[in-house]
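Asker: I'd like to ask you about the structure that follows.
The values are calculated or read from the model by the stated rules, or taken from the named source; none is laboratory data. From a predicted model like this one, the values you see are computed outputs, not experimental measurements. For the accessible areas, the whole protein counts, side chains as well, though only heavy atoms, and no ligand, DNA or RNA atoms are used. Shrake-Rupley method; radii C 1.70, N 1.55, O 1.52, S 1.80 Å.
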Amino acid sequence: MHIDAQQENGICRLQMEGELTIYHSLEIRDGLMGHLAANTEIELDLSGVTEMDTAGFQLLLAAKREGTRLGKAVRFVSHSQAALEVIDLYNMAAQFGDPLLLSARQ
């Protein structure tokens, strides 16, 4: 999993590329929490997520909850098919509160 960060108009945009799975969970968690601590608004682009399992889903949920707890905005955009499948599996679209849109590449 690779996370590319860019700052634009006060928003930290994180482009996630690769597998959002248990095998990368510590690396992903540390990266997400570090960006969350350093920014007031984060947008995670999920269009590059090729695989997501329960651990990956839990990391996204934890980032969303931690952002809410800290009063920071955390949004998920451009959901890949892999991300949509897991969100749908757990019937959690409403919990995320973000529009579920496929990336333009799909």
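Asker: Working out 0.36 nm times the residue gap between ARG69 and ASN9, then minus their Cα-Cα distance, what length gain in nm do you get to one decimal?
Answerer: That pair, ARG69 and ASN9, stretches by 19.3 nm at full extension.
Asker: If you roll a 1.4 Å probe over the heavy atoms of the protein chains, what accessible area per residue do you get for segment 9-80, in Å²?
Answerer: 46 Å²
Asker: Let me ask you something else. For segment 1-50, with all protein chains present and a 1.4 Å probe, just round the carbon and sulfur fraction of the accessible area to a whole percent.
Answerer: Roughly 49 percent of what the probe reaches on segment 1-50 is carbon or sulfur.
Asker: Does segment 1-91 come out rounded, prolate or oblate by the C-alpha gyration tensor, with a ≥ b ≥ c the root eigenvalues, rounded set by a/c under 1.5 and, if not, prolate when a/b is larger than b/c and oblate if not?
Answerer: Prolate is the answer for segment 1-91, as a/c is 1.5 or above and a/b outweighs b/c.
Asker: Determine the calculated [θ] at 222 nm for the chain from helices alone, applying -39500 (n - 2.57) to every DSSP H run no shorter than 4 residues and normalising by the residue count; nearest 500 deg cm²/dmol.
Answerer: Using -39500 (n - 2.57) per qualifying helix, the result is -12500 deg cm²/dmol.
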